[in-house]
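These notes concern the structure reproduced below.
The values are calculated or read from the model by the stated rules, or taken from the named source; none is laboratory data. Keep in mind it's a predicted model, so treat the numbers as computed, not measured. Here the Cβ positions follow ideal geometry from the backbone for every residue, glycine too, while neighbour counts run over all protein chains shown.
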Ligand code: 0RA
C-alpha cells in the first residue's frame with residue numbers, strides 16, 4: 001500500500017517535471033522568437049513607420065477574417081480607444097482555451113507567444129488564410145507594451161494579458177456569459193520604443209482598409225469607432241453585394257455604359273472566384289485584383305486569367321453578333337479594357353505571392369479558375385444583353401482607332417534612342433553616367449529651384465528636369481491636357497521608357513525618379529498630380545520602387561559654425577531648447593526650394609549623405625490618384641469635404 005502511494009507520488013512528480021521541462025523549453029523558444037521580432041521588426045511587418053504600425057491592426061483583423069472565412073464570425077468591430085490603443089472584437093468561436101498536450105500551455109497563450117502559431121494547430125481541414133500577412137498575433141504581441149485578450153466560449157469568459165509579449169496574467173476564467181455570446185476581443189498598445197516615428201493610428205487609413213475588407217467579404221459586417229474624438233460615431237461597413245458594390249462605388253458620379261455592374265462568382269478546385277465589372281464612358285482603365293483579401297498590385301495569374309477571358313469573350317461575341325466581320329482582326333485586350341472598372345477577387349487555399357513587393361499571385365491554377373468562372377457567365381450575359389454587348393465592342397473599336405492614330409503621330413516625332421542626347425529635352429540637365437542604376441532624375445518645381453539644383457548637383461549621377469508649376473493647375477486641367485503638355489512629354493522623353501502601350505520600364509535611364517517640390521499647398525498639388533500621372537501611365541516605375549519624394553527641410557538653425565536642418569515647428573522648438581544662448585542662434589525658415597542657394601539645396605535635399613527620400617509605394621500612389629480624382633471631379637461636395645478635412649494639414653505646411 002505504502003509502496004503504491006509513493007510510486008504514484010513519484011509518477012506525479014515525474015510527470016510534473018516532464019511538463020515543466022517542456023514548458024521551460026517552449027518558453028525559451030518563445031522568448032527567443034519574440035526577441036527576434038523585437039530585434040528586427042521590419043522583417044515581420046515591413047517597417048516601423050506608420051505603415052508598419054497599421055500593419056499590426058491588419059494582422060489582428062486578419063485573424064478575425066480567417067474566422068469569418070472558416071464560416072463562423074459575422075461581425076468584426078474595430079475601435080481606437082481614448083488611450084490610443086486598438087481593440088478588435090469578433091463574434092467567432094473564440095480562440096480555443098484548452099491545454100495543448102505538446103506544450104502543456106493553453107492554446108490561447110500559444111497563439112500569442114509562438115511565432116507563426118496562427119492556423120498551425122487544431123487542424124480543421126481547408127482554410128483560406130490572409131496570405132501576405134498572417135505572420136501571427138504573436139508578432140503584434142511582441143511589438144506591444146501591453147496586450148489583453150478576452151475569449152467567450154462555451155458560456156465562459158476567459159482572460160489573459162501580456163507585457164512586451166510575455167505572459168503577465170495567466171489565462172483564467174473570469175466569468176460566465178450566455179451560451180450565444182462567443183468570440184474574441186484583442187486590445188493592444190503599440191510599443192513606442194519600436195514605433196519611434198509614431199504610435200498614432202490614422203482613422204483615414206483604418207477606414208479605407210476596413211471598407212475594402214467589407215467589399216471583399218460580402219455580408220460581413222465591420223464597424224469602426226474612433227473614441228479619441230469627442231463625439232465618437234460608429235461607421236458601419238456592410239455590403240451584401242460585395243465587390244459588385246465596390247465597382248458601383250468606384251464608378252460613382254461617372255457616366256456608365258450599363259446600369260448595374262456585372263457580377264460573377266464560382267469555385268473551381270477549391271479556389272473561390274469573384275469578378276465584378278462595369279464600363280464607364282471614359283478612358284480610364286481601373287482593374288483591381290485581390291488574392292485572399294490582399295491587393296495584388298503587381299497582378300499575377302488571376303489577373304492574367306481575367307484579361308485573357310475578357311478579350312476572348314468580347315472578340316467571340318463581336319464576331320458572332322457580326323459587329324466584327326470575318327476578315328477583321330480581333331480587338332486587342334488593351335482596347336477592350338479601355339473605360340472598364342473591374343474588381344477580381346480570389347480566395348486560394350495556398351496562395352503564392354511573388355514579385356518585387358510580394359503582391360503578384362503566382363498560382364497558375366488561379367488563372368484557369370478565373371477564366372472558367374468568368375467567361376461562361378460573361379458570355380451568356382452578352383448574348384442576353386445584345387445592346388450592352390454592342391456598346392462594349394464599339395467602345396473597343398473606338399479605342400483601337402484612337403490608339404493607331406496616336407501611334408502614327410508619335411512615330412513621326414519619336415526619338416530613336418533614349419540615349420541620343422540630341423533628342424533629349426532642352427531643359428534637361430542630364431547626368432554624365434550612362435548607368436541607370438546610379439542615375440537619378442530630379443523633377444524640380446520651378447525654374448529658380450531648377451537652376452540651383454543644376455548648380456548644386458553631383459553631375460555624374462544627378463540629372464535635373466525643371467517643371468513649371470503654373471501648367472499644373474490640378475483642379476482645372478484634365479488628364480488629356482496634362483499628357484499633351486510639353487513639360488510632361490519632356491519627362492517621358494528624358495526617362496527613355498516610351499509611353500502608353502510602348503512603355504517599357506527596362507529602358508528607364510534612371511532608377512531613381514525624385515519629385516522635389518515645395519513644402520506648401522502648391523507643391524502638394526504638383527506632387528499629387530505627378531504621382532497620379534506615374535500611377536496611371538508609368539506604374540511599373542512605382543512597382544519597381546524607382547519613384548521617390550524628396551523631403552526638403554523647413555528650418556535651418558545656425559549657431560557659429562554649426563548648421564542644423566529641421567522639419568517641423570516642434571523639432572525646431574526642441575532643438576533650440578538644447579542650445580546655449582550665445583552666440584545667438586540664427587533661424588532661417590525656407591519658404592520654398594527657390595530660396596535655397598545651390599549649396600544649401602545640395603546639402604539639405606540632394607546629397608545622398610544627408611537627404612531624406614521617401615520611396616513611393618503603390619498604395620501611396622493609389623491614394624494620390626484617389627485624391628486627384630476628388631480634386632478634379634465635377635462634384636463640389638466631395639472636393640469641399642476633402643479641402644475642409646485637410647485644411648489642418650495644409651495649414652501646417654503653410655505655417
Ligand atoms: C477555432 C480554432 C482555432 C482558432 C479559432 C477558433 C479562432 C481564432 C481567432 C483569432 C481571432 N479570432 C478568432 N476566432 C477563432 C484554431 C486555429 C485553426 O486551426 O484554425
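When residue 506 is evaluated against the numbered criteria (1) closer than 30 Å to residue 401 by Cβ; (2) modelled with pLDDT of 90 or more; (3) not in a helix (DSSP H, G or I), which criterion, by number, is the only one it fails?
Tallying (1) closer than 30 Å to residue 401 by Cβ; (2) modelled with pLDDT of 90 or more; (3) not in a helix (DSSP H, G or I), residue 506 fails exactly one: (3).
Only one of these conditions is not met by residue 469: (1) under 27 Å from residue 594 (Cβ atoms); (2) at pLDDT below 65. Which number is it?
Going through (1) under 27 Å from residue 594 (Cβ atoms); (2) at pLDDT below 65 one by one, residue 469 breaks only (2).
Give the residues of segment 80-122 that are at pLDDT below 95, within 13 Å of the ligand (Cβ to nearest atom) and assigned to a loop (DSSP other than H, G, I, E, B), sorted by residue number.
100, 114, 116, 117, 118, 119, 120, 121, 122
Considering each residue of segment 363-376, count those that are at pLDDT below 95 and surrounded by 16 or more Cβ atoms within 10 Å (Cβ to Cβ), and give that number.
0
Give me the residue from segment 406-457 that is assigned to a loop (DSSP other than H, G, I, E, B) and either within 17 Å of residue 592 (Cα to Cα) or modelled with pLDDT of 95 or more (or both) and, out of that set, farthest from the chain's Cα centre (by Cα).
Ranking the qualifying residues of segment 406-457, first place goes to 457.
Give segment 526-552 a look and list any residue that's touching a residue at least 60 places away in the same chain (Cβ under 8 Å) and more than 24 Å from residue 360 (Cα to Cα), or say none.
Result: 526, 527, 528, 529, 530, 549, 550, 551.
Can you tell me how many residues within segment 43-79 are within 12 Å of the ligand (Cβ to nearest atom), assigned to a helix (DSSP H, G or I) and touching a strand residue (DSSP E or B) at 6+ places or on another chain (Cβ under 9 Å)?
8
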